[in-house]
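To start, the structure under review is shown below, and the notes come after it.
The values are calculated or read from the model by the stated rules, or taken from the named source; none is laboratory data. A quick note: this is a predicted structure, and the numbers were derived from the prediction, not measured. All Cβ positions, even for glycine, are placed from backbone atoms using ideal geometry, and neighbour counts span all protein chains on display.
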Amino acid sequence: MATTKISATKSTSRAINYAEKRAEEKSGLNCDIDYAKSAFKASREVYGKTDGNQGHVIIQSFKPGEVTPEQCNALGLELAEKIAPDHQVAIYTHSDTDHVHNHIVINAINLETGKKFNNNKQALKDVRQANDVVCRHHGLSIPNNQAEMRYTQAEQNLIDKGKSSWKNDIRLAVDETQATDMESFQEQLRPKGIIVERVTDKTITYRHIEADKKVRGSKLGDIYDKGGITHGFETEKQRRRRKYESKSTTPERTPTDQSTHRQSRTTLNWSSFDQSTQALFNERKRRERAERAEREAREQDDRARAARAKQIESEPTISKRTKGFDLEL
């Protein structure tokens, strides 16, 4: 399952610096990926669009075990070609969390028209629809809903105008953490201007220092609430364990292996990609069928026990008076 979210950035250089240093795979659309920052800047200067938002960042995240980092990057490039074919785009793939994901940095300037990329409510819908098309084409699952994230009307209005919100700053900060416990989680949030105001058995409250506002995690979305954060700790522990175990058997990738320069559409072997993806898809479906059968069996047993208990309760009892005691026969 691939999910997407989009946000504006005042500095594409900062966005690229963050994404590049942790990238396992990278590629570029309409630019040389190794010179993306300077290329982005040059295009903005040519058209005199150096103020305001310099670009936009899309996070494209996949279900654990669904794609490899190389496949993930190729899918990110394909998405970029659909939503921003005339823009310069840099795609960086991270595998440092359980969900392999892309940071897709889009330069705001359209190379053909000189106009800026319009990041609004419709753009978000277009990105999600294009992402669904890409995933369906390669036999990947798509999300049934976006319950993992919640936006208020006021926040949605800001997004429609291409502006960022303090709540989304919190979401992005949480997304970038790699914590395994609450203490390290709070330490990683502080440099990003976010503090954990309060933690209970079931809830967590964040405070945005600059905006001086606080919000419960449940208001941001399920994955930002206490349960989602705790699950994230366990996921990070498992990821680190797998990475440690694989180091002894997997040779390190060289820098030349990590960088794939693309000026246009990917030239990966899509036939091989489809076969690999289909195998993963079939295995996931098999597990889902087994889990569904097990769940239905449990539910059937529960119904049978409930019916038996109800039957026993409804059966008449015969009492016999014996020496002052009631005996049930």
Taking first residues from segment 35-52 that are at negative phi and touching a residue at least 60 places away in the same chain (Cβ under 8 Å) and second residues anywhere that are part of a helix (DSSP H, G or I) and surrounded by 14 or more Cβ atoms within 10 Å (Cβ to Cβ), the pairs with Cβ under 6 Å that are 6 or more apart or on different chains are Ala36/Ile16; Phe40/Thr12
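Is it true that Lys121 is surrounded by fewer than 20 Cβ atoms within 10 Å (Cβ to Cβ) and either farther than 29 Å from Lys237 by Cα or not assigned by TED's automatic domain parsing to the domain that holds Leu79 (or both)?
Values: surrounded by fewer than 20 Cβ atoms within 10 Å (Cβ to Cβ): yes; either farther than 29 Å from Lys237 by Cα or not assigned by TED's automatic domain parsing to the domain that holds Leu79 (or both): yes.
Yes, satisfied.
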Of the conditions (1) closer than 24 Å to Tyr35 by Cβ; (2) without any contact (Cβ under 8 Å) to a residue 60 or more places away in the chain, the single one that Gln122 does not satisfy is (1)
Residue hits (segment 164-191; surrounded by 14 or more Cβ atoms within 10 Å (Cβ to Cβ), farther than 22 Å from Asp98 by Cα and either in contact (Cβ under 8 Å) with a residue 12 or more places away in the chain or more than 20 Å from the chain's Cα centre (by Cα) (or both)) are Ser164, Trp166, Lys167
Hey, does segment 83-102 have a residue that's out of contact with any Lys or Arg (no Cβ under 6 Å at 6 or more places or on another chain), buried (at least 22 other Cβ atoms within 10 Å of the Cβ) and charged (D, E, K, R)? no
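Scanning segment 192-215 for residues that are among the hydroxyl-bearing types (Ser, Thr, Tyr) and either in contact (Cβ under 8 Å) with a residue 40 or more places away in the chain or surrounded by fewer than 16 Cβ atoms within 10 Å (Cβ to Cβ) (or both), which turns out farthest from Ile59 (Cα to Cα)? Before you say what the answer is, go through the steps one by one.
Keep residues of segment 192-215 that are among the hydroxyl-bearing types (Ser, Thr, Tyr), which gives 200, 203, 205-206.
Checking the rest, the ones that are also either in contact (Cβ under 8 Å) with a residue 40 or more places away in the chain or surrounded by fewer than 16 Cβ atoms within 10 Å (Cβ to Cβ) (or both) come to 200, 203.
Numbers: Thr200: 30, Thr203: 26 Å.
By that ranking, first place goes to Thr200.
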Of (1) within 19 Å of Lys5 (Cα to Cα); (2) crowded, with 20+ Cβ neighbours inside 10 Å; (3) among the small types (Gly, Ala, Ser), Ser141 fails just (2)
* To do: Kindly check whether there is at least one residue in segment 173-184 that is more than 30 Å from Ala90 (Cβ to Cβ), at pLDDT 90 or above and in contact with a Leu (Cβ under 8 Å, 6 or more places away or on another chain).
  => no
Of those in segment 46-88 that are closer than 15 Å to His137 by Cβ and of a type outside the set (A, V, I, L, M, F, W, C), the residue nearest to the chain's Cα centre (by Cα) is Gln60
Is there a residue in segment 70-88 that is in contact with a Ser or Thr (Cβ under 9 Å, 6 or more places away or on another chain), free of Cβ contacts under 8 Å to residues at least 60 places away in the same chain and more than 27 Å from Ser165 (Cα to Cα)? yes
